[in-house]
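For reference, the structure is listed below as structure tokens.
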Amino acid sequence: MFPVAGLKQAVYVDAMDVSREERQEPSLRKIIRVAENRLLKYGRSQNIELEAENMRYIAENTTIPIPHVHEIQIHDGGVKSILMDYIEGQTLQDAWFSMIPSQKMSVAQELHEYIQQLRGLKYEQSRPFSHKNIYTRHSIHLDEYLFSRLTTTVSDFVRNTTATKQPDDNMVFTHGDLAPRNILVDDHGHVTAVLDWELAGWQPEWCETVRAYTFCNDIPGWTAYLSAVFPPDHATEYMAVVFARHMKR
């Protein structure tokens with residue numbers, strides 16, 4: 001049992017058995033609504049702290065809509081928590097089938113603008129995150145998984161193409177998991193928030209696109225709109241489309 005700071009009324013959360021409205025994440029972290037306009041995300045992962053730092057960085061340097069972070073706490077037993085704003089909206093995954101094509105395209109165009117903002121951030125290798133370099137923390141393991149899902153021929157092509165590049169080449173800030181389940185939209189087809197920034201960090205420019213196409217099966221038809229989110233005007237962007245098509249065979 002631990003107290004939630006930053007609320008007008010004292011709230012205590014049982015780290016083992018939460019009875020309030022909650023959403024269990026695949027990563028074993030939990031999100032619960034502890035007040036009308038507040039959410040609490042908690043668990044024992046170090047990524048919770050990193051996510052809060054990422055969110056604050058994005059809030060300070062872009063206009064991407066994200067929940068405001070109010071408090072980060074470390075509790076007994078290694079439990080860590082983020083108190084953040086609750087934002088109205090449905091996930092794109094849930095809203096998709098009730099949206100008309102123009103609304104879907106509006107979402108894609110807004111996401112494209114947000115991706116451009118992320119790619120416009122200046123790469124600062126020594127930026128003082130409290131954890132080690134984000135590229136080495138996340139990208140290697142995720143990209144190994146991506147490669148494992150490809151055939152040997154395509155996998156070798158990817159490795160040969162990327163092996164000649166230095167880690168700092170075309171490094172951009174990426175969300176890391178820009179899937180429909182992490183995008184909130186309103187009834188008019190506008191993005192109200194981009195969620196789940198724990199995998200965000202500085203990675204090669206192609207990573208965001210490859211992951212978006214690789215894990216695009218949350219909702220039928222989303223792939224058709226990804227070209228508006230990630231216009232294939234770069235060689236590595238085109239590689240992502242090839243990978244996705246190859247994996248669907």
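Tabulated data
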quantity	calculated
Simple label model, 7 Å out from Cα along Cβ direction - residue 109 to residue 61, nm	2.8 nm
Efficiency of FRET between residue 74 and residue 100 - r from beta-carbon atoms, R0 35 angstrom, step 0.05	0.15
Packing-based ranking, highest mean first, of 68-76, 195-203 given that Cβ atoms within 10 Å are counted	195-203, 68-76
Centroid-to-centroid separation of the stretch 72-98 and the stretch 30-49 [C-alpha atoms, Å]	6 Å
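Taken together, the values in this text are just the output of simple stated rules run on the coordinates, not laboratory data. Because the structure is predicted, anything quoted here is derived from the model rather than measured. Don't worry about glycine lacking a Cβ; one is built from the backbone with ideal geometry, like all the others, and counts go over all protein chains shown.
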